[in-house]
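A quick write-up on the structure given underneath.
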2 protein chains.
Amino acid sequence: MIYLDNAATTLKKPDSVYAAVLEAMRTLGNSARGVHAQALSAARTVYETREKIAAFFGCAEASHVMFTQNATQALNTALFGLFLPGDHVITTDLEHNSVLRPLYRLSREQGVRLDFVPADRNGNIDDADFERLLRPETKAIVTTHASNLTGNLLDISAVGKFALDHGLLYIVDASQTAGSFPIDMQKQNFSVLCFTGHKGLMGPQGTGGLCVGEGVKIRPFMVGGTGVHSYSETHPDKYPEALEAGTLNAHGLAGLSAAVDFINETGIGDIHRYETALMRRFHKGISSVSGVTVYGDFSGDRAPIVALNINDLDSSEAADILSQDFDIAVRAGAHCAPRMHRALGTESRGAVRFSLGWFNTMEEIDAAIDAVRSIAEK
Amino acid sequence: MIYLDNAATTLKKPDSVYAAVLEAMRTLGNSARGVHAQALSAARTVYETREKIAAFFGCAEASHVMFTQNATQALNTALFGLFLPGDHVITTDLEHNSVLRPLYRLSREQGVRLDFVPADRNGNIDDADFERLLRPETKAIVTTHASNLTGNLLDISAVGKFALDHGLLYIVDASQTAGSFPIDMQKQNFSVLCFTGHKGLMGPQGTGGLCVGEGVKIRPFMVGGTGVHSYSETHPDKYPEALEAGTLNAHGLAGLSAAVDFINETGIGDIHRYETALMRRFHKGISSVSGVTVYGDFSGDRAPIVALNINDLDSSEAADILSQDFDIAVRAGAHCAPRMHRALGTESRGAVRFSLGWFNTMEEIDAAIDAVRSIAEK
């Protein structure tokens, strides 16, 4: 089996991740819920993971790293906790439903006003549109780092600079890039960085979180027990407790911690170069195949994703053939990115997404190219 | 080490749980995010876990079982998704902050009106108080199944019957009893059952969920990608997608599934009897020790929890001694149950909670009794 659906979840994880989760399940108590050895081990595991994630993403304080079940929960937490009626928010056509649906809901129920930076047929935006859409009541910009459909990058450093210059919050969805691209939220001027643990970071499912910049105040989303200030009727407003409630997934976080160690030891630069090489080889290979339509911009740096369609096949049909005849796992259909599909003109047939990762090999890429060619020539 | 903090999290899990999580991490793709073998395996794992949980708790439909990170998220989802301004809700002094804080927030921000069935010095309530507090605008009753502090049970079947007779919703927090007590939400007339996976169910951390009865409509709490209806601006309103967003923790759910199998094979009746025997032995042993104050009612069926204080020691001090001198892990202090502490008069010193589980032995109980005696006699 050739697994090329790493943008949905990385299937293979470093062996140290499996070992860490197993060890955690055998030894950890409940973090922040006691002073005995097992509870303290859990608390230490969680805190060390906060420290590693903070260092990894350039977050100034470990206590400003908060853990959630996934990036969607991190984005819900950030977006519902930051905006108030009358706020204006600028976002883009590249966004995933995990950004769009909270914003639409804020617009519908809270009177938050939205504007979208449009994408062209290549899935690119024009950075000048942020300036064009700016209003006096603009509070924030929310963007993904890379399109989960095309792999096109946004220039998040430039957007961060623009946000800084105009006194705006900048919330970044790094679901598709965390672990594959160096990120430094202080240098790049992000107010909030949302990430998932189970994609490029190569950690377990059930992990993710948000890193919050200095002075950025997010109201609690979930409320409940935190192990501190039990007698207050309101949830604590101090990070990290403010944005966490109930028992944390310390078992999963132990795995995420090991995954970050693996990436640091391997070198994120090397990971990025290797994943880029896989993606370029695949793109080059399928570009010469007649009948293949590729989406997105391949002129610069990008995430290791190639979305395409083959002849007039429905994308789901193509994915089925890849799975059944070639044992190649990809994702087809709509990719929870409706505005992007509209921009690309793939609203009705969707697209076949090949997403590559650290544990893929050049041989697998060549086999995937051959498979695409074989389907196209049939 | 003797681990007696099972009400915070069960430390030891069945071996099959470790194996299932490991296998899941090695083989599963992203549930509901593709049609290739690995994505389908993940979807199958999640669906089978829904089916097992539905059967386990007497939920009529597997699709009405929704998974969350923990019971707190399940409770937030249920409570914020059910109530509207003007609704009146009856709850009790036994509740954990995971119930109290969402309700206080609804009261503060949404005008939901709350009444509390008071607890006496033994931590008991009078069921007649539900009738006394009933108003024409009463929409729901929210209660725990057992106090996480004293282990006292509520008669949830009687409350369920009362709710049914008066056309009220009944939301039950089974955090402390799921896996240790037979529960049948249809027979017992619960509208919503919230549970956590990592306590009595003996599954991994990062798992939990809610089971929703027929005709009970909960608005989405988190919104985002679900793998279906990508083009809608609103989150799907059909269960289970309505109350789930983003990637599920299929790795953890595989472990939860194995844990439910273990409980079914062992027999929940046998588990309940054994945990009760541990608790009765411990209670009997420490009851004769001079200087020990025990909280709660031991006259009937109850959760395997014994809360106490020793002489005039602060509860944290006692727990420290138990940990350091006897290698016994318990929890002290406030237990996220502020109203219960007030009822018991333990607001300032807290209480030392011994919570027992399936993997404890009678020898461990005897050692714990000896330790309590030794501290009391010092």
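The values are calculated or read from the model by the stated rules, or taken from the named source; none is laboratory data. Please read these numbers as outputs of a predicted model, since none were measured by experiment. Reconstructed Cβ throughout: ideal geometry from the backbone, glycine too, with neighbour counts over all protein chains shown. Each accessible area value is taken on the protein alone, full model and side chains, heavy atoms only, with ligands, DNA and RNA left out. Shrake-Rupley method; radii C 1.70, N 1.55, O 1.52, S 1.80 Å.
Key figures for this structure:
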quantity	calculated
For segment A:15-266, with +1 on Lys and Arg beta carbons and -1 on Asp and Glu, the positive-most of A:Ala140, A:Ala20, A:Thr92 along the dipole	A:Ala20
Segment A:15-266, accessible area per residue, ligands and nucleic acids excluded (1.4 Å, Å²)	31 Å²
Equivalent ellipsoid dimensions for chain A as semi-axes, Å, which come from the Cα gyration tensor, largest first	35, 27, 17
Interchain or long-range residues, amide H under 5 Å from A:Lys199's placed H	A:Thr10
Ranked packing of B:115-123, A:254-262, most packed first, by mean Cβ within 10 Å	A:254-262, B:115-123
Helix-only mean residue ellipticity at 222 nm for chain B, each DSSP H run of n ≥ 4 adding -39500 (n - 2.57), per residue, nearest 500	-12500 deg cm²/dmol
Degrees separating the helix B:37-57 axis from the principal Cα axis of chain B, which is the longest one	50 degrees
Range of Cα positions in the protein assembly as shown per principal axis (Å), largest first	85, 50, 47
Cα-centred dipole magnitude for chain A, charges only on beta-carbon of K, R (+1) and D, E (-1), debye, nearest 20	560 debye
Estimated FRET transfer efficiency when R0 is 22 angstrom, pair B:Lys238-B:Glu48 (beta carbons, to 0.05)	0.65
Summed buried accessible surface, chains A and B, 1.4 Å probe, nearest 100 Å²	6500 Å²
Listing of segment A:248-279 residues, each with accessible area lower by at least 50 Å² in the full protein assembly than in the chain alone (probe 1.4 Å)	A:Asn249, A:His251
Per-residue average of Cβ from other chains inside 10 Å of B:192-205	3
Debye intensity ratio I(q)/I(0), log10, segment A:1-47, q values 0.25, 0.30 Å⁻¹ (C-alpha model)	-0.84, -1.00
Complex-versus-alone comparison for segment B:298-326, residues with a loss of 40 Å² or more in accessible area, probe 1.4 Å	none
Segment B:345-353 - phi-based ³J(HN,Hα) in whole Hz, Karplus 6.51/-1.76/1.60, Gly and Pro as x	x, 10, 5, 8, 9, x, 8, 8, 9
Sulfur and carbon atoms: percent of accessible area, the protein assembly as shown [1.4 Å]	49 percent
Alpha-carbon centroid distance for the pair segment B:216-287 / segment B:299-378, whole angstrom	28 Å
Nearest 10 degrees, 0 to 90: helix A:250-266 Cα axis against chain A principal axis	60 degrees
Within straight-line cross-link reach of A:Lys217, lysines at Cα separation under 29 Å, skipping those fewer than 8 residues along the same chain	A:Lys52, A:Lys139, A:Lys161, A:Lys187, A:Lys199, A:Lys238
Those Cys residues of the protein assembly as shown for which no other cysteine Cβ falls under 4.7 Å	A:Cys194, A:Cys336, B:Cys194, B:Cys336
Nonlocal amide H pairs with B:Gly29, under 5 Å, H built at 1.01 Å	B:Ala39, B:Ser41, B:Ala42
Table column - 3J(HN,Hα) (Hz), segment A:72-82, Karplus curve with 6.51, -1.76, 1.60, x for Gly and Pro	4, 5, 4, 5, 4, 4, 5, 6, 6, x, 10
Gaussian network model of chain B, springs between alpha carbon atoms under 10 Å - residue of B:Ala351, B:Ala19, B:Ala60 with greatest fluctuation	B:Ala19
Chain B: angle of helix B:362-377 to the longest principal axis, Cα-based, in degrees nearest 10	50 degrees
Within the protein assembly as shown, percent of DSSP bridges classed antiparallel, to nearest 5	50 percent
Distance histogram in 5 Å bins (all Cα pairs of segment B:282-378, percent per bin)	2, 13, 25, 27, 20, 10, 2
Compactness of segment B:205-300, expressed as Rg and Dmax over alpha-carbon positions, Å	21.6, 68
Nonlocal amide H pairs with A:Asp5, under 5 Å, H built at 1.01 Å	A:Ser355
Burial of 40 Å² or greater, segment A:1-45 residues [accessible area, probe 1.4 Å, versus chain by itself]	A:Leu11, A:Tyr18, A:Leu22, A:Met25, A:Arg26, A:Asn30, A:Arg33, A:Val35, A:His36, A:Gln38
Choice from A:Pro236, A:Pro182, A:Pro136 showing the highest fluctuation, given a GNM over chain A with Cα pairs closer than 10 Å	A:Pro136
For chain B: relative contact order, % (alpha-carbon pairs under 8 angstrom, 6 or more apart)	24 percent
1.4 Å probe accessible area per residue over segment B:268-373, in Å²	37 Å²
Nearby aspartates and glutamates by direct alpha-carbon distance to B:Lys284 (threshold 18 angstrom, same-chain neighbours under 8 apart not counted)	B:Glu275, B:Asp297, B:Asp301, B:Glu363, B:Glu364, B:Asp366, B:Asp370, B:Glu377
